[in-house]
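Laboratory data are not the source of any read-out in this text; all were calculated from the coordinates shown. Since the model is a prediction, treat every value here as computed from it, not as a measurement. Neighbour counts are summed over all protein chains in view; Cβ atoms, including those assigned to glycine, are modelled from backbone coordinates with ideal geometry.
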Amino acid sequence: MPTDPPSSPALRASDADRDRVIELLRAAVADGRLDPVEFDERLDATLAARTIDALAPLTADLIAVPGSALTPPIAGTPAEPAADLLTIKEKHGTVRRDGRWTLPHRLALRTAWCDVMLDLTNAVCSAPELIIELRVRGGNVELVLAPGMVVDANELSVRHSALAISRDAGDNAPETLHVRLVGRMRHGRIGTRWEAPSR
């Protein structure tokens, strides 16, 4: 008697798959299709998703919108070009980026119980906006910024964490870079400080 073939294993979701869903959710909350509470719930579910099947329902009611150019994440599609996305992963260690380094358009910070220092004062900006997508559990994240850099943390979800974030240096300098913090932090601390670039 023939037996049923084993079912195919669920396809595992990559960071790029989760990032595409987050972009869809962000666009949906910006145009009023999701309220902030729904956005937070779906963002948490996206960051926790391990398979493509777990991601699919999170945008099923958002992608079929008349006139929308948004498309759902598809397993196996290429991620953003390397120049546009930098992913930093670390556990129980120290992360430090400083000096003259080129900022990507998007920086994905995936750390657990780490001390992270991102010094942007002498960094080379490749775009007017830097998106820092955090998936951080425990530890400290410090952003060192130059005058003219502006921070927007409205899309950052935090629980059991301490925030010491200022929007700007308070010196009315013309805006040179918009730093957008998104994603989530749990059981950690994030802070900002401003310094003049070194010569």
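Ordering 182-192, 23-33 by mean Cβ neighbour count within 10 Å, with the highest value first, yields 182-192, 23-33.
Dipole check for the stretch 109-176: with +1 at the C-beta of Lys and Arg, -1 at the C-beta of Asp and Glu, and the Cα centre as origin, the magnitude is about 400 Debye. Expressed in units of 2.2 N^0.38 Å, where N is the residue count, the Cα radius of gyration of the stretch 84-134 is 1.12.
Residue separation times 0.36 nm, minus the C-alpha to C-alpha distance between residue 125 and residue 113: what's the value?
My answer for the length gained is 1.5 nm.
Taking the Kirkwood radius as Rh and the Cα radius of gyration as Rg, the stretch 82-194 has a ratio of Rg/Rh equal to 0.93. Under 18 Å from a label point set 7 Å out along the Cα-to-Cβ vector of residue 37, the amide N atoms of the stretch 149-189 belong to 157-158.
Per-residue packing, averaged as other Cβ atoms within 10 Å, sorts the ranges 92-99, 145-152 into the order 145-152, 92-99, beginning with the highest.
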